[in-house]
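The values are calculated or read from the model by the stated rules, or taken from the named source; none is laboratory data. These numbers come from a predicted model, not from an experiment. Because the Cβ atoms are built from the backbone with ideal geometry, glycine has one as well, and the counts that use them run over all protein chains shown. All accessible areas refer to the heavy atoms of the entire protein, side chains included, with ligands and DNA or RNA removed. Shrake-Rupley method; radii C 1.70, N 1.55, O 1.52, S 1.80 Å.
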Amino acid sequence: MMKILMLGFEYLPVKVGGLAEAITSIAETLTKIGNEVWVFTPSHGHIEGEKIFETNIVIYGGKERIKVYERAQNGVRVFAFSSNLLNNKDVYGPGWEGMLGKAVQFGKASVGLLNYLIEKEGKPDILHFHDWHTVFAAALIKKYFQLPATFTIHRLNKSKIPAHYFHTAHLGELAPYPDIDPEYVGAYIADVVTTVSKSYLWEEWDFYRNFEGKATYVYNGIACDFWNEKLLENKDLPREERRRKILETLGLSDGIAFMFIGRFDKGQKGVDTLLKAVEDIAENNPTEFSKMRFLIIGKGDPELEKWAHALGSRYPENIKVITEMLKREFTRELYGSVDFVIVPSYFEPFGLVQMEAMCLGAIPIGSAVGGIKDTIISLDEDEEKATGLLVPPRDPNALAGAILKMSQLREKDPELLSKMRKNGKRRSKEDFTWENACKRYIKAYRNDIDKAVEFLR
Ligand code: NHF
């Protein structure tokens, strides 16, 4: 049994992206397998539970009052920090300075709360902090309490912070230059540094090489209890029938269904690669295209939204674009009905979409990067165990080729596809569980874990 102190800027129900899901699952699973977990997180306006602690922190020569509310959430003790700024609902704001102010306040107040908890209940065995926004808190906890620390990077941000924030945070010793990269600081003060897939670790070796000897990976898991076929509304209907029905609800006739779901951005998710690939198929393979249905779901960059909508209006019988947030339950119905899910990311530390797809029997076609590459077993590598198809990133031609290939297989070899669906379900349920992840985190906490070694590659 270990007593683990976890720091995260997001914790469910406060959620911006996959980070909240990951931290919450890690904390809850660690609890389930017999550990005690305390989570420190800014309230971001979500105040729940009992006020257990109050302190002033000195900041910019003035004083700021911080209150801490404790709640029990699925066995985890969650401590939410509140002040005028920490209560702001914009998780990564308000603005760049507001966000940094939150990070500094959260850091200083963490020391106060830990002083209080240590006095009452003793010291945690381990500090586990996630992503760079918790670096002030982690560095201060390391400075005052010397806990062994694991730093998990869910996605490198590569930003720089003016040194004065570190001085304000009482961490001047970590800021010898005018601009400081907080991810370096986190990795420097930690004993073990992890990221969420092996491929992502090596793709970002330029960063991790600076911490060789500490750096390793711990794969995420996937919550198959939610992403589960048994919970589908039409679970008793054959998959084909579910597909026909859901396409109809969306105003499309039946066809071979491909889905993209994700943020429309220009830097990561690759929706532009997909739109180009679809244009290419529509122009050059009209007969094949007429059998295909594309559901393109997500929002973000206005230019990309406009492009997707324009394509949708050009081919209204084949393409449905939805630029709004869908309920998780409806997304589950979609995964459980479509034939293929396309994940064209430029990079992906782990990636949830291909996992959710595999849980629900949709076959992923994904970029051969990061966690996508590590979780999908590609048809062209191992036909027996295949769970999907990998394609090079940023390559619309290759993606168009993969879409055509899969749609032809759908007609010619439906048995192979059913085997792939089965393989995918097994892979997501057995190989990527949160329990596996947490067993490996425990090893990281004890520094009893294999490391990435450049000269052994
Ligand atoms: O799944 C949770 C998530 C990852 O690939 C994802 C990402 C951010 O970019 O670990 O963190």
Item to check | The lone exception for Lys123 - which of (1) touching a helix residue (DSSP H, G or I) at 6+ places or on another chain (Cβ under 6 Å); (2) more than 11 Å from Pro42 (Cβ to Cβ) it fails | outcome: (1)
Checklist entry - Cys359 fails exactly one of the following numbered conditions: (1) within 16 Å of the ligand (Cβ to nearest atom); (2) open to solvent by 10 Å² or more (accessible area, probe 1.4 Å). What is the number of that condition? => result (2)
Next on the checklist: Only one of Pro364, Pro302 is closer than 20 Å to Leu275 by Cα, within 16 Å of the ligand (Cβ to nearest atom) and either at pLDDT 95 or above or surrounded by fewer than 24 Cβ atoms within 10 Å (Cβ to Cβ) (or both). Can you tell me which?
Outcome noted: Pro364
Checklist outcome for this item: Exactly one of His164, His154, His170, His130 is surrounded by fewer than 23 Cβ atoms within 10 Å (Cβ to Cβ) and within 17 Å of Phe9 (Cβ to Cβ), and that one is His154
Next on the checklist: Out of the residues in segment 376-410 meeting the condition of being free of Cβ contacts under 8 Å to residues at least 60 places away in the same chain and in a helix (DSSP H, G or I), tell me which one is farthest from Ala257 (Cα to Cα).
Outcome noted: Ala398
Checklist entry - Exactly one of (1) away from the ligand (no atom under 16 Å from the Cβ); (2) touching a His at 6+ places or on another chain (Cβ under 7 Å) is unmet by Leu326. Its number? => result (2)
Checklist entry - From the set of residues in segment 367-389 that are of a type in the set (A, V, I, L, M, F, W, C) and within 16 Å of the ligand (Cβ to nearest atom), which is farthest from Ala20 (Cα to Cα)? => result Ala368
Checklist entry - Among the residues of segment 173-198, which ones are open to solvent by 70 Å² or more (accessible area, probe 1.4 Å) and of a type in the set (Asp, Glu)? => result Glu173, Asp179
Checklist entry - For Phe151, are the conditions met, namely being within 23 Å of Gly101 (Cβ to Cβ), away from the ligand (no atom under 16 Å from the Cβ) and aromatic (Phe, Trp, Tyr)? => result no
Item to check | Only listed residue being modelled with pLDDT of 95 or more and in contact with a Phe, Trp or Tyr (Cβ under 9 Å, 6 or more places away or on another chain), chosen from Lys89, Lys123 | outcome: Lys123
Checklist entry - Counting only residues that are over 17 Å from Thr150 (Cα atoms) and in contact (Cβ under 8 Å) with a residue 24 or more places away in the chain, how many does segment 199-208 have? => result 6
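When you scan segment 17-37, how many residues do you find that are within 10 Å of the ligand (Cβ to nearest atom) and under 21 Å from Ser82 (Cα atoms)?
Qualifying residue count for the region: 3.
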Checklist entry - Quick check: anything in segment 397-418 closer than 20 Å to Glu381 by Cβ, basic (Lys, Arg) and surrounded by 20 or more Cβ atoms within 10 Å (Cβ to Cβ)? => result no
Item to check | From the options Lys108, Lys214, Lys198, Lys160, residue that is within 16 Å of the ligand (Cβ to nearest atom), in contact with a strand residue (DSSP E or B) (Cβ under 8 Å, 6 or more places away or on another chain) and of a type in the set (D, E, K, R) | outcome: Lys198
